[in-house]
1. Calculate, for Thr9 and Tyr36, the FRET efficiency according to 1/(1 + (r/R0)^6) with r their C-beta to C-beta distance and R0 30 Å; round to the nearest 0.05.
2. On average, how much area does the Cα convex hull of the chain cover when viewed from any direction, in nm²?
3. Neighbour counts of other C-beta atoms within 10 Å: give me Thr100, Thr94 arranged from fewest to most.
4. With a 10 Å Cβ neighbour count serving as the proxy for reagent exposure, in which order, fewest first, do Leu32, Leu89, Leu115 appear?
5. For region 1-108, calculate the relative contact order in percent as a whole number, restricting contacts to Cα pairs under 8 Å that are 6 or more residues apart.
6. Report the FRET efficiency, 1/(1 + (r/R0)^6), for Ala26 and Glu71, where r is their Cβ-Cβ distance and R0 is 41 Å, rounded to 0.05.
7. Going by C-beta contacts inside 10 Å, put Met19, Met1 in order with the fewest on the left.
8. Can you give the longest run of the chain that contains no GluC sites (Glu not before Pro) sitting in a DSSP loop with at most 16 other Cβ atoms inside 10 Å?
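Every read-out reported here was derived from the displayed coordinates using simple, explicitly stated rules and does not represent laboratory data. Bear in mind the structure is a predicted one, so any value in this text is a computation, not a measurement. For neighbour counting, all protein chains shown are included, and Cβ atoms are generated from backbone atoms with ideal geometry for every residue, glycine included.
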Amino acid sequence: MKVTRIGVTSGGGSHFEDMEIELIDAGEIGRLSEPYAATSVTFRENDPDYDYDWHCAPRRQFIVLLNGEIEVEVTSGEKRRFIGGDVVLVEDTTGTGHRTRTVGGRSRGSLFIPLAGESPTARAPG
C-alpha cells in the first residue's frame, strides 16, 4: 500500500519519500500490514482557506485524508497534492518542517493517528 513519508534531511530540511507498506495475504479477509501501535485517533476538518506556514509535525503520525485536497511543500520547493484516500506519514518533528494548505475551494477532512514506539518497517519502492 502506497504511503508518502515526510522526513528530515541531514541538513534539517524536509523531503518526500514514496513508501510501500507491505501487505500479507490473510485469506478471506484480504491483505493486512503488520500492526502499527497508535496512541489515539483525532478527526479534523479545515476550512477551505487553511494555509499553515512552515511547521514541524508535533509527533510521528499518519494523516489519512478523508475528503478535500491539500498541497504540502517541503524545503526543496517540491510540492505534492493529496486527496481523500491518501495516507501521509509525517516524521519531520525537527528542522524546518513543511507547509500545508487546503486547495480546491473545499474544506478538508482527515484523521490524525499518532504512532507509539517503533513501527514496522515500511520500505521505499525498489
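1. Calculated value: 0.80.
2. Taking the Cα atoms of the chain, their convex hull projects to 8.4 nm² on average.
3. Numbers: Thr100 22, Thr94 11.
The order, fewest Cβ neighbours first, is Thr94, Thr100.
4. Leu32, Leu115, Leu89
5. 35 percent.
6. Using R0 = 41 Å, I get an efficiency of 0.70.
7. Listing Met19, Met1 from fewest to most nearby Cβ atoms yields Met1, Met19.
8. Free of exposed loop sites, the longest segment is 23-77.
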